[in-house]
Amino acid sequence: MVQKDLILDFNLYLCEKFGYRESCSVMSHANGFCVDIRERDLDCYIRFWEYSCGRGNFPDWSIIIVRSNFKKSQEESLKDLARFFKEYMPRYGYKYLCTEDDDHKYYQTLGLKCIMDGFCPNYALALKDLNV
């Protein structure tokens, strides 16, 4: 289920940080929703899963960064996004930050732990344990 206040908070963050207004494209699905952002300096695809049903070993109430490309200051911008998630997303019930099939090694920047090893490894860490 899409949480409208969460999207408003996320849009406000993107506006304050990058100057983009109403840049989130939101798609609902059975276990939460996805946000796609495609702007000049930013290309992100993030899943907000309320229920994972064990898929990919992701815990329930996970924010899954699938793609997060910042044209400027990639590492610092990713950490800033994680700080935003750590501060605001627990209000909406989200407990974990994850990456999926992480070829870009976001997990190293964020200090996430491997939850599924193999051909397409996945990483996760409780939001409260993030040290960014």
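The values are calculated or read from the model by the stated rules, or taken from the named source; none is laboratory data. Predicted model, so just to flag it, every value in this text is computed and none were measured. Glycine also receives a Cβ, built like all others from the backbone with ideal geometry; neighbour counts cover every protein chain displayed. Remember, those area values only see protein heavy atoms, side chains included, never the ligands or the DNA or RNA. Shrake-Rupley method; radii C 1.70, N 1.55, O 1.52, S 1.80 Å.
A few notes on this one:
- Mean sequence separation of contacting Cα pairs (under 8 Å, at least six apart), scaled by the length of the stretch 1-129, corresponds to a relative contact order of 17 percent.
- If both residues of a DSSP beta bridge must be in the stretch 1-129, then about 90% of such bridges are antiparallel.
- Per residue accessible area of the chain, 1.4 Å probe, in Å²: 54
- By definition, a body whose alpha carbon gyration tensor gives a ≥ b ≥ c is oblate when a/c is 1.5 or more and a/b is not larger than b/c, and the stretch 1-129 fits this oblate description.
- For the chain, with all protein chains in place and a probe radius of 1.4 Å, 48% of the accessible heavy-atom surface sits on carbon or sulfur.
- Gain on full extension, evaluated as 0.36 nm per residue between ASP129 and ILE7 minus their Cα-Cα distance, stands at 41.6 nm.
- Label separation (CYS15 vs GLU39): 1.1 nm, computed from points 7 Å beyond Cα along the C-beta direction.
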